[in-house]
Amino acid sequence: MIANYGYMDGSGEYYITIDTDKCAECEGKMCIAACPKGLFVPIEDDYGEDVVEIDSGKVKELKYQCMDCKPTEKPPLPCISACTPGALKHSW
Amino acid sequence: MISAGIDVGSKNIKVVILDGDKIIGKAIQTGSDDQEKSIEETLNSAVKDAKIERSAIEKIATTGIGRKVFKEADYVITDVTAGGRGIFECDNAVRTGIDVGAEESKAIKVNQVGKVTDSAVNEKCAAGSGSFVESMARALGIDMKAFAELALSSDAKIPMNAQCAVFAESEVVSLIAQNTPQKDISKAVHDSIASRVSSMVRRVKLEPRIAIFGGLAYNPGFVSAFKKNLEIEDIFIPEEPLFVSALGAALLAQEKKEG
């Protein structure tokens, strides 16, 4: 499944995308430790796969949680660098 | 097998009881500050409607924003999976379901067996949901049904720029102060919500057949604005849009056992 978590700030509408099929293949789930805001949490999804999702308590705060990593002069993003199967994407 | 699906939404609690794939009982109740008690009451109403004993229910699955509240649940299922399964059951030609509830909206794509392949959620925001329409209707002093229908009689295009329901409400207050006709204000409100929801829906790349469910599916002003925004004519609205996710949860409760 492609799970899109969206948010909107003054500069536009953005999405963090998790490809859960690719995520399920990853044993390390290094994104969990890599995100300085602790956005990603491990779960067993409704189809029995071990994947990560965005912490339900933080879904409505993405514009604030991702703000520090968003400036383009600071690539690569820690979460995307840590995601070895290439399951994570950002639309910005 | 008899199963129950409980959708604990931000406004209403919906329960569907299934015997096999047949709905034998259902109930809806507005939630309260004691959600567990409200869930119990709604479940008992559905049991009464089904004319069965509570003990006859073999499996219970919960979904919705308050899905973790009910401790007796055998399964806790996300809104996306339950909504996708439910809308696919209503019409197995549906490939894109849009759940527009009281407090948030979701776009869900399902495959030919009803499994979710794509989903999109936005940060919780009242400006893209049913509660926004309710508060705007209240601001104009007219009931929800009349407010929704008023939009259909207007051709005006009044942009609402606010990203937030609180600021959007102040725009509506300004429109009232400028003596803008109620039908034009209603259209502006519905256009604004449709625009926000459409933007999210485009993220999952629409695939027909498209369905809307959740409370706003009852709102003709929203459905009309949504169709225009996405430039689509055919939108499937199930008979009881509020019960779709509860139906999906009840079905998944059975399927998990079978699996």
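Within the range B:54-64, can one find any residue that is without any contact (Cβ under 8 Å) to a residue 40 or more places away in the chain and in contact with a helix residue (DSSP H, G or I) (Cβ under 6 Å, 6 or more places away or on another chain)?
First, pick out the residues of the range B:54-64 that are without any contact (Cβ under 8 Å) to a residue 40 or more places away in the chain: B:54-55.
From what is left, the residues that are in contact with a helix residue (DSSP H, G or I) (Cβ under 6 Å, 6 or more places away or on another chain) are B:54.
Among the residues of the range B:54-64, at least one is without any contact (Cβ under 8 Å) to a residue 40 or more places away in the chain and in contact with a helix residue (DSSP H, G or I) (Cβ under 6 Å, 6 or more places away or on another chain), which makes the answer yes.
Could you check the range A:27-92 for helices (runs of 4 or more DSSP H) lying wholly inside it with 1 or more residues that are open to solvent by 50 Å² or more (accessible area, probe 1.4 Å) and within 14 Å of chain B (Cβ to nearest Cβ)? Full working, then the answer.
Working: elements: A:31-34, A:62-65, A:78-82.
Helices (runs of 4 or more DSSP H) meeting the threshold: A:62-65.
So is B:A102 open to solvent by less than 40 Å² (accessible area, probe 1.4 Å) and within 18 Å of the chain's Cα centre (by Cα) or not? Show your work before the answer.
Values: open to solvent by less than 40 Å² (accessible area, probe 1.4 Å): yes; within 18 Å of the chain's Cα centre (by Cα): yes.
When the stated conditions are applied, B:A102 passes them.
Which residues, counting only those in the range B:214-234, are out of contact with any Pro (no Cβ under 9 Å at 6 or more places or on another chain) and either under 20 Å from B:E104 (Cα atoms) or outside the structural domain of B:A107 (by TED's automatic domain parsing) (or both)?
So the first thing to find is which residues in the range B:214-234 are out of contact with any Pro (no Cβ under 9 Å at 6 or more places or on another chain), and the list is B:219-231, B:233.
Correct list: B:N219, B:P220, B:G221, B:F222, B:V223, B:S224, B:A225, B:F226, B:K227, B:N229, B:L230.
Could you say which residue among B:V100, B:V69 is outside the structural domain of B:I212 (by TED's automatic domain parsing), modelled with pLDDT under 95 and in contact with a helix residue (DSSP H, G or I) (Cβ under 8 Å, 6 or more places away or on another chain)? Outline the logic, then answer.
On the way: B:V100 fails: outside the structural domain of B:I212 (by TED's automatic domain parsing).
Residue meeting the stated conditions: B:V69.
Does B:E36 count as of a type outside the set (A, V, I, L, M), open to solvent by 20 Å² or more (accessible area, probe 1.4 Å), over 26 Å from A:A3 (Cβ atoms) and out of contact with any helix residue (DSSP H, G or I) (no Cβ under 9 Å at 6 or more places or on another chain)? Outline the logic, then answer.
Numbers: of a type outside the set (A, V, I, L, M): yes; open to solvent by 20 Å² or more (accessible area, probe 1.4 Å): yes; over 26 Å from A:A3 (Cβ atoms): yes; out of contact with any helix residue (DSSP H, G or I) (no Cβ under 9 Å at 6 or more places or on another chain): yes.
Yes, satisfied.
Name the one entry in B:A61, B:A139 that is under 30 Å from B:Q182 (Cα atoms) and not aromatic (F, W, Y). Explain how you work it out, then say what you get.
On the way: B:A61 fails: under 30 Å from B:Q182 (Cα atoms).
Answer to the selection: B:A139.
The values are calculated or read from the model by the stated rules, or taken from the named source; none is laboratory data. Predicted model, so just to flag it, every value in this text is computed and none were measured. Here the Cβ is made from the backbone with ideal geometry for all residues, glycine too, and neighbour counts use every protein chain on show. For accessibility, only protein heavy atoms count, side chains too; no ligands or nucleic acids. Shrake-Rupley method; radii C 1.70, N 1.55, O 1.52, S 1.80 Å.
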